[in-house]
Amino acid sequence: MRELLVLVAVGAGTYVMRAAFLVLARPAPPAPLARVLPHVGPAVLGAIVAPALLAPHGAITVAGTVPALLAAAGAWVLWHRTRNLPIALFGALALALLTTLVFR
């Protein structure tokens with residue numbers, strides 16, 4: 001029963017926090033914040049992608065980093081030439097598998 005009460009309390013707390021933002025929201029953010037907001041998405045994407053490319057297994061190694069970087073470059077080249085995302089993704093997957101076999 002205690003766990004259920006904790007879950008209800010956490011759920012009510014998150015609901016109150018989200019509702020407070022909606023109720024107290026201004027029609028437009030302040031100017032300094034509005035100027036920075038367009039850069040948040042690319043910064044978050046870069047923060048997620050860069051470690052995955054440079055240290056895919058938690059450390060920078062030739063056997064892990066080179067296939068990831070080559071696959072990313074191959075995906076970009078294939079997408080740029082064909083404008084077809086499935087072709088780019090499957091081509092990058094094949095390139096990653098081949099380079100992983102080479103660097104083992």
Test of understanding: among Pro27, Pro32, Pro67, which residue is surrounded by fewer than 10 Cβ atoms within 10 Å (Cβ to Cβ) and part of a helix (DSSP H, G or I)?
Pro32
Taking the range 51-64 and the residues there that are under 15 Å from Leu97 (Cβ atoms) and in a helix (DSSP H, G or I), the one that is least open to solvent (accessible area, probe 1.4 Å) would be Gly64
Could you list all residues from the range 70-85 that are over 19 Å from the mean Cα position of the chain (by Cα) and loosely packed, with under 13 Cβ neighbours inside 10 Å?
His80, Arg81, Thr82, Arg83, Asn84
Which of the residues spanning the range 94-104 are under 19 Å from Thr61 (Cα atoms) and either within 22 Å of the chain's Cα centre (by Cα) or open to solvent by 60 Å² or more (accessible area, probe 1.4 Å) (or both)?
Leu95, Ala96, Leu97, Leu98, Leu101, Val102, Phe103, Arg104
Here's a check for you: in the range 35-50, which residue that is open to solvent by 70 Å² or more (accessible area, probe 1.4 Å) and not aliphatic (A, V, I, L, M) is farthest from the chain's Cα centre (by Cα)?
Arg35
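The values are calculated or read from the model by the stated rules, or taken from the named source; none is laboratory data. Owing to the predicted nature of the structure, the values given are computational and were not obtained by experimental measurement. Please note: Cβ atoms are built from the backbone with ideal geometry, for glycine as well, and neighbour counts cover all protein chains shown. Quick note on the areas: whole protein, heavy atoms, side chains included, nothing else; ligands and nucleic acids left out. Shrake-Rupley method; radii C 1.70, N 1.55, O 1.52, S 1.80 Å.
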